[in-house]
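Here, each number is a calculation from the coordinates, and none is a lab measurement. This one's a predicted model, so the numbers in the text were calculated from it and none came from an experiment. Cβ placement follows ideal geometry from the backbone for every residue including glycine, while neighbour counts extend to all protein chains displayed.
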Amino acid sequence: MSSTDAYLRRGQYTKAYDSLKNSLEHLVAAQGPLIASYDLGMLARLTGDWKHSNELLSDAERRIQDAYTKSITASLASFVVNDNTKEYGGESYEDIYLNLFKALNYLHLGQYESSLVEIRRMIEKQSVLQDRYEQQANQARRYASTNHIRQTDLPAQATSFTTSALANYLGVIIAAHLGEQSTLDYSFNQIHHAFETQTKLYPFPIPESVETLKSENRDSVHLIAFTGRFPVKEERMDFISISPTNVTRIAYPVLRPIPSAITSIRVRVDGKVITTLEKIESFSLVAEDAFQSKSSLLYAKATMRAISKELGIGIWDAISKDKDGKRSAFAEVLGFAFRVGKELSESADLRSTHYLPAEAWVGTLDLEPGSYTIEVEYLNRIGQVLHTERFMETIDPTTINLLESYSPL
């Protein structure tokens, strides 16, 4: 995927999409069809192909749901099997944010009711995160109890992410256009709720543009910019004690954030700086928060899997001895093969989607109907412009005027 990433960093989104599509067979073989659909869907929207993006993201969403259905009907014994051997089912945050980008796609297509449906679907998914996590935690506890393995303490909470400020920001914009006052009021209050109750996930001020959303003189252009790259999974290894004389290795995934060089965003209209954008959501912080509990669960599963394997090897060692306590050469070789196989098979599942952004920024412009050249400039810490996107926009007061920009830097 190096060529795809190179095109992405240069802002050549069509070439990035084509590059990934040309390597689709390899991507499906390595990471599965869910990631292929998700990644292509995210790149397709960067090219402005909103309809095709939603088709691909809908396919990814269906695969996530199918994988979840299989997981809740699977046997208890299969629960502890290494996730690398299973079809990838997506992370909770991948599932949730998928609907956010589908909502944006529908908004660009002028299908405002469908956009609102996706936002509600996202909110609905957030409401069941805790239940789904508790199901998995209970499976881990039952497996440990059934197999007489010491239980590992697990976090009580799946994630502190219960409300998305960005999703509700979009909800206010759409509800205002459709004249749905109750939805507007609810979404507006939820933006404040997100910042007030999830300070770990929203460690920045609430954007000033939020207050303008409910004003009678609503701004005519809504600006949304995305920056950076989503965190990546990395393998972490640990050694655990099975007995006073037996130590074994386990592997589990952790998330590593990718630093972004972008620290501010300013907007020019016909060459003149008019406004700056403010941060409203950190996808990275949400993912890291959600994955902490998931990582603890995966650590527990890896530990139980290692103990089960060691018990199996111990049983083989016992039954392969003759009455004098000796083993044949074949039994020795087979026992060694079991131990080597145990080590080689223990690797962390590092599969994940690749093209979600790290952060979201918002702002507004109050422009009269007409045509404008709008430039979105992405700056680093010393005020140097690292990336610029230029748009020729015609402001139409009868529609939602939304301008979306992105910098992968």
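Descriptive notes on the structure:
- The range 1-119 shape via C-alpha gyration tensor axes, a/c threshold 1.5: oblate
- Protection proxy ranking, peptides 386-392, 53-59, 300-306, average beta carbon neighbours within 10 Å, highest first: 300-306, 53-59, 386-392
- Applying a threshold of 28 Å to the alpha-carbon distances of Lys86/Lys279; Lys125/Lys301; Lys200/Lys294; Lys102/Lys272 flags Lys86/Lys279; Lys102/Lys272 as lying beyond it.
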